[in-house]
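Written below as structure tokens is the structure these notes are about.
The values are calculated or read from the model by the stated rules, or taken from the named source; none is laboratory data. Bear in mind the structure is a predicted one, so any value in this text is a computation, not a measurement. Here the Cβ positions follow ideal geometry from the backbone for every residue, glycine too, while neighbour counts run over all protein chains shown.
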Amino acid sequence: MSDHFTKELEVGFEKVDLEHRALLKAVGEAVEALRGGRREEIHEAMAKLGDYLVWHFSSEERIMEETVYPERARHKAAHDLFMQDFLQLCEAEKAGEDLGSFSEALGQRIPEWIKFHIQVNDAPLGRYLAARDRKPEGSRPSAKDKPYPS
Ligand SMILES: [Fe+2]
Ligand SMILES: [Fe+2]
């Protein structure tokens, strides 16, 4: 896949789209580092990608809680599952495993998962947020006026 943000990945909510642009840039840098084959660069790029993933997922989860997004539990579960996979990959990298053993994961599986997640999970969230923004303020679902179980 292309590591860059494309029109088909837009979810229609600017804050999320901007974060996805930065996320895919970090993915592209990690893939590039992997191709270069230098261990320190790979390590640095993966650490940066990991930080950005954690930050971005938290950002989306905060938005989902604040706006009482109905699919928030399922969406967060998808983030958590992905992070488990990503952290395993980071462990393998830290342990000095052969580059070939995780090049498929970093070069293909991770970028493909992110793209898939954006289209399947983030796009409906983007539509929900955009529709919510079009409603008059008092009628928008909000965590402030509607208690819900966490
Ligand atoms: Fe997401
Ligand atoms: Fe996202």
*Working only within region 7-51, note down all residues that are over 19 Å from the mean Cα position of the chain (by Cα), assigned to a helix (DSSP H, G or I) and either surrounded by 21 or more Cβ atoms within 10 Å (Cβ to Cβ) or basic (Lys, Arg) (or both).*
33, 35, 39, 42
*May I ask you to verify whether residue 63 is buried (at least 17 other Cβ atoms within 10 Å of the Cβ) and over 15 Å from the mean Cα position of the chain (by Cα)?*
no
*When you go through (1) at negative phi; (2) touching a residue at least 12 places away in the same chain (Cβ under 8 Å); (3) not aromatic (Phe, Trp, Tyr) one by one for residue 98, which number turns out not to apply?*
(2)
_Selection status of residue 95, small (Gly, Ala, Ser) and at pLDDT 90 or above_ = no
_Among the listed residues 115, 135, identify the single one that is at pLDDT 90 or above and under 22 Å from residue 17 (Cα atoms)._
115
*asked:* Checking residue 100 against (1) surrounded by fewer than 17 Cβ atoms within 10 Å (Cβ to Cβ); (2) more than 16 Å from ligand 1 (Cβ to nearest atom); (3) at pLDDT 90 or above; (4) small (Gly, Ala, Ser): exactly one of these is not met. Which one?
replied: (3)
*Can you tell me how many residues in region 68-123 are in contact with a Pro (Cβ under 9 Å, 6 or more places away or on another chain) and of a type in the set (Val, Ile, Thr)?*
1
*Identify, by number, the condition in (1) within 16 Å of ligand 1 (Cβ to nearest atom); (2) under 18 Å from residue 117 (Cβ atoms) that residue 25 doesn't meet.*
(1)
*Look at region 65-83 and say how many of its residues are within 14 Å of residue 117 (Cβ to Cβ) and not acidic (Asp, Glu).*
9
*Looking only at region 53-95, and only at residues there that are among the hydroxyl-bearing types (Ser, Thr, Tyr) and touching a residue at least 12 places away in the same chain (Cβ under 8 Å), the one that is farthest from ligand 1 (Cβ to nearest atom)*: 67
